[in-house]
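Worksheet for the structure shown next.
The values are calculated or read from the model by the stated rules, or taken from the named source; none is laboratory data. Here the structure is a predicted model, which is why all the values come from computation and not from measurement. Cβ placement follows ideal geometry from the backbone for every residue including glycine, while neighbour counts extend to all protein chains displayed. Each accessible area value is taken on the protein alone, full model and side chains, heavy atoms only, with ligands, DNA and RNA left out. Shrake-Rupley method; radii C 1.70, N 1.55, O 1.52, S 1.80 Å.
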Amino acid sequence: MKLLLLDAGHCLGRALIDEVAPRQDIELVVESALRSSPDQLREAAPDAVICPPLCAPGGVDYAELAAYAGAIEDNLEACRACSLPLVWFVSDQIFEDGAETPIEESVLPAPRDEGLKRLLAVGERIRTRLDAWFIIRTGPLMALEGRDGWLSDILDELAGGGTLRAAEDEIICPTPASAVARATLGMLAQQLSGASGWGAYHIAGVEPVSLYTFHSVVQQQFELYLTRREADLQTGRIQPLRHHHDQPLRRVLNCRRVLETFGVHQKPWRLALDGLLEQWCRRRFGEEGSA
């Protein structure tokens, strides 16, 4: 299986590179740019093209979002010209208002924000203009390396003694980038071997949690790892916020279809957190753990 990865500096791109590195059955062609062309695809001759997400589309200005959307549209036209599958990742923020119950994979978003509508239009074009595609919606991505590595930003801020603000009334599913990478490679391997499961899927972990609780758990576990290393670091603090006074905003993605179709099981984010904290501490303090 040969894959073309665009925007390789993204945290999901870095996770895919790490997952492929020890394997002999996958060739990963890596490009730093997000946009591809038919000539580039013909030269690389991949089996599929992968585009990482814009991780927080609700928090960027329209010009940046439009530029991103335009690049994805160019990629879909290049894939169409070369009859190649496109894999596009989308942030759970596309569900602007969330839902009281877990959001099924068959549900189409209906955002009011003009920027999110632009992303929705990209998804509609992929559905109607390509025969083979994955649209994979994810929760906030946990990673230590690459752009949009949410957990890395949290740990760096805590290590610097800063104050992090997090909503008590916004419920999400933190999602390890490594888990998304592994699942995606497995889905593509099955699909390119004759399965017939193209479509929209959710890979968003399990154990919904408020943003504030997630930050608090990260801080508590982080402090435990620092204590074990006798590190002289005074961590920052977490300040709770409330944005949704009537009822919490819940962005909880149901991952049932990816389980039923490809056998992809989601694991609690807490399991991945310990490993990521260990990695962060080793890089900061060295393998022996001296401060």
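Phi angles across the stretch 5-16 convert, under the Karplus curve 6.51 cos²θ - 1.76 cosθ + 1.60 with θ = phi - 60°, into 3J(HN,Hα) values of 9, 9, 6, 5, x, 5, 4, 6, x, 5, 5, 5 Hz, Gly and Pro given as x.
If R0 is 35 Å, the Cβ-Cβ spacing of THR163 and GLU124 corresponds to a FRET efficiency of close to 0.30.
Would you work out the charge dipole size for the stretch 1-51 about its Cα centre, treating the Cβ of every Lys and Arg as +1 and the Cβ of every Asp and Glu as -1, and quote it to the nearest 20 debye? Spell out each step's value before the answer.
On the way: 5 positive and 9 negative charges, 15 e Å.
Computed about the Cα centre, the dipole is about 80 debye.
Find how much the distance from ALA56 to ILE17 grows on full extension, using 0.36 nm per residue of separation minus their present alpha carbon separation; answer in nm with one decimal.
Values: separation 39, 0.36 × 39 = 14.04 nm, distance 2.20 nm.
Stretched fully, the ALA56-ILE17 segment lengthens by 11.8 nm.
Each residue, GLN190 and ALA110, gets one label point 7 Å from its Cα in the Cβ direction; the gap between the two is 3.1 nm.
Using 0.36 nm times the number of residues separating GLN220 and ALA67, minus their current alpha carbon distance, what extension gain do you get?
Values: separation 153, 0.36 × 153 = 55.08 nm, distance 3.86 nm.
Going from the current span to full extension adds 51.2 nm.
Quick check of the Kirkwood formula: for the chain, what is the inverse mean of 1/r over all pairs of different Cα atoms, in Å?
Numbers: mean 1/r = 0.0505 Å⁻¹.
Its Kirkwood hydrodynamic radius stands at 19.8 Å.
Computed from Cα atoms, the angle from the helix 150-159 axis to the main principal axis of the chain rounds to 20 degrees. An ellipsoid equivalent to the stretch 199-241, defined through the eigenvalues of its Cα gyration tensor, has semi-axes of 29, 14, 8 Å when rounded to whole angstrom and sorted largest first.
For the chain, find the longest principal axis of its Cα atoms and tell me its angle to the long axis of helix 62-82, 0 to 90°, nearest 10. In the chain, helix 62-82 runs at an angle near 40 degrees to the longest axis. Once the Kirkwood radius over Cα pairs is known for the stretch 1-158, the Stokes-Einstein relation at 25 °C and 0.890 mPa s delivers a diffusion coefficient of 150 µm²/s. What distance in nm separates the two pseudo spin-label positions at ARG147 and ARG237, each 7 Å out from Cα along the beta-carbon direction? Using points 7 Å along Cα→Cβ, the separation is 3.5 nm. What the Cα convex hull of the stretch 109-151 gives, in volume per residue, is 108 Å³.
Taking a sphere under 11 Å around the Cβ of SER36 and counting the other residues whose Cβ falls inside, with K and R at +1 and D and E at -1, yields a net charge of -4.
If you wrap the stretch 170-291 in the convex hull of its Cα atoms and look at it from every side, the mean projected area works out to 9.8 nm². Computed from the Kirkwood radius of its Cα pairs, the Stokes-Einstein diffusion coefficient for the stretch 36-114 at 20 °C and 1.002 mPa s stands at 150 µm²/s.
The residue list ILE172, HIS244, TRP133 was ranked by how far each Cα lies along the charge dipole of the chain toward its positive end, using unit charges on Cβ atoms, and TRP133 comes out on top. Ranked from largest to smallest solvent-accessible area, with a 1.4 Å probe on the protein heavy atoms, THR175, THR163 come out as THR163, THR175. When the scattering of the stretch 219-279 is computed by the Debye formula from its Cα atoms alone, each counted once and equally, what is log10 I(q)/I(0) at q = 0.14, 0.18, 0.23 Å⁻¹? Here the Debye-derived log intensity ratios amount to -0.74, -0.90, -0.99.
DSSP beta bridges fully contained in the chain are about 5 percent antiparallel.
Over the stretch 144-188, what portion of Cα pair distances is larger than 18 Å, expressed as a whole percent? The calculated P(r) of the stretch 144-188 puts 48 percent of pairs beyond 18 Å.
The region of the chain that goes longest without hitting one of the trypsin sites (Lys or Arg not before Pro) in a DSSP loop, each with at most 15 other Cβ atoms within 10 Å, is 113-241.
Entry for the stretch 1-50 at q = 0.24 Å⁻¹: log10 I(q)/I(0) = -0.88, Debye formula applied to identical alpha-carbon scatterers, no solvent contribution. Here the spin labels are modelled as points 7 Å beyond Cα on the Cα-Cβ line, and at GLU100 and ASP47 they lie 4.5 nm apart. Each of ASP148, ASP92 has its accessible area taken with a 1.4 Å probe; listed largest first, they run ASP148, ASP92.
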